[in-house]
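Values in this text are rule-based calculations from the coordinates and carry no lab data. Computed from a prediction, not measured in an experiment: that's the story for all the values here. Glycine gets a Cβ as well: all are built from the backbone with ideal geometry, and neighbour counts include every protein chain shown.
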Ligand SMILES: [Zn+2]
């Protein structure tokens with residue numbers, strides 16, 4: 001006969017959550033419970049968290065600074081837990097989805113590497129699931145953004161979709177038949193490091209001529225600064241604008257000046273757009289999607305970027321004239337795509353009668369396991 005403690009130990013939060021995850025990850029978005037969840041987007045500077053309902057509406061959002069890279073993984077975990085508990089004080093939170101810039105392993109339990117954080121092979125899903133006692137979903141931020149656009153944005157209705165995120169580098173994701181394609185090791189969609197120019201610009205990844213060296217926010221800024229540093233006549237306008245402080249030239253400034261008709265900035269965006277089109281044509285040859293959705297900060301330039309991308313794509317596309325052509329469109333959810341997508345993916349693992357709760361989370365944190373007392377006249381939660 002086992003003691004109460006032994007029985008309680010067998011039913012630790014960890015065991016419960018892991019069993020639930022194993023059965024529920026196979027669920028599709030059509031059968032997921034229509035309950036509110038929290039989506040978290042961990043970027044290089046900000047952590048955004050929002051409560052999102054089943055229609056993709058953000059009910060409330062909170063944000064904080066990303067802990068410095070020098071801080072321990074525990075500090076990042078504390079930050080996430082506090083954001084979730086804060087939101088759960090005012091909302092029913094049935095699951096938490098996390099989109100992180102970094103590599104997530106194939107079963108999405110560990111963050112293998114995150115450039116902005118101290119995470120190295122970090123078992124994020126299980127440690128947070130134990131601590132918050134609700135199901136946790138972890139994914140790469142490009143995957144969560146693609147999912148958000150597919151469910152509620154520019155990707156709606158596209159069964160074969162490729163998302164390309166132009167930020168400082170290039171992020172990518174592949175969706176087919178309502179599933180994110182993650183590859184055998186979880187790191188599919190790293191389009192930014194396809195080589196497009198043999199022997200081209202050096203990339204921090206160690207290779208040369210990677211796509212993101214030609215089509216990204218960094219590429220845009222690098223070219224503008226080079227022209228400015230050479231004191232080119234075409235750069236006089238932007239040089240005046242930054243008071244000749246070349247380091248102050250940024251992607252958003254280039255887009256702003258391009259919209260106002262500055263010829264150099266228009267041309268630089270055209271260049272980035274053309275390279276975008278070249279890469280898209282390569283991806284079409286390999287993956288044949290129906291739609292490409294272009295997101296990330298650089299996509300704010302809208303048609304100044306996307307129109308030249310479409311032209312280059314059509315010129316480069318293999319079998320052009322003899323095949324249906326994929327459409328190339330700008331993302332619709334903007335900076336919220338990753339957070340909304342993470343929340344919606346979390347509904348795939350959500351449990352209808354389980355909600356995040358500060359008192360329980362603190363008890364779990366204190367004792368290391370969860371005591372499940374018989375319910376007294378209220379729903380289990
Ligand atoms: Zn590279």
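Odds and ends about this structure:
- Scanning the range 239-280 for residues that are assigned to a helix (DSSP H, G or I) and out of contact with any helix residue (DSSP H, G or I) (no Cβ under 6 Å at 6 or more places or on another chain) turns up 240, 241, 247, 248, 252, 253, 256, 259, 263, 267, 271, 275.
- Residues of the range 198-217 that are under 18 Å from residue 255 (Cβ atoms), within 11 Å of the ligand (Cβ to nearest atom) and part of a helix (DSSP H, G or I): 212 alone.
- Checked against (1) at negative phi; (2) out of contact with any helix residue (DSSP H, G or I) (no Cβ under 8 Å at 6 or more places or on another chain), residue 302 passes all but a single condition, namely (1).
- Filtering the range 45-76 to residues that are assigned to a loop (DSSP other than H, G, I, E, B) and over 23 Å from residue 351 (Cβ atoms) leaves 45, 66, 67, 68, 69, 70, 71, 72.
- Residue that is farthest from residue 163 (Cα to Cα), among those in the range 315-332 that are in a loop (DSSP other than H, G, I, E, B) and in contact with a strand residue (DSSP E or B) (Cβ under 8 Å, 6 or more places away or on another chain): 326
- Condition check for residue 182: part of a loop (DSSP other than H, G, I, E, B), closer than 14 Å to residue 341 by Cα and more than 13 Å from the ligand (Cβ to nearest atom): no
- Residue selected from the range 225-238 under the condition surrounded by fewer than 12 Cβ atoms within 10 Å (Cβ to Cβ) and either out of contact with any helix residue (DSSP H, G or I) (no Cβ under 9 Å at 6 or more places or on another chain) or touching a residue at least 24 places away in the same chain (Cβ under 8 Å) (or both), by the criterion nearest to residue 266 (Cα to Cα): 233
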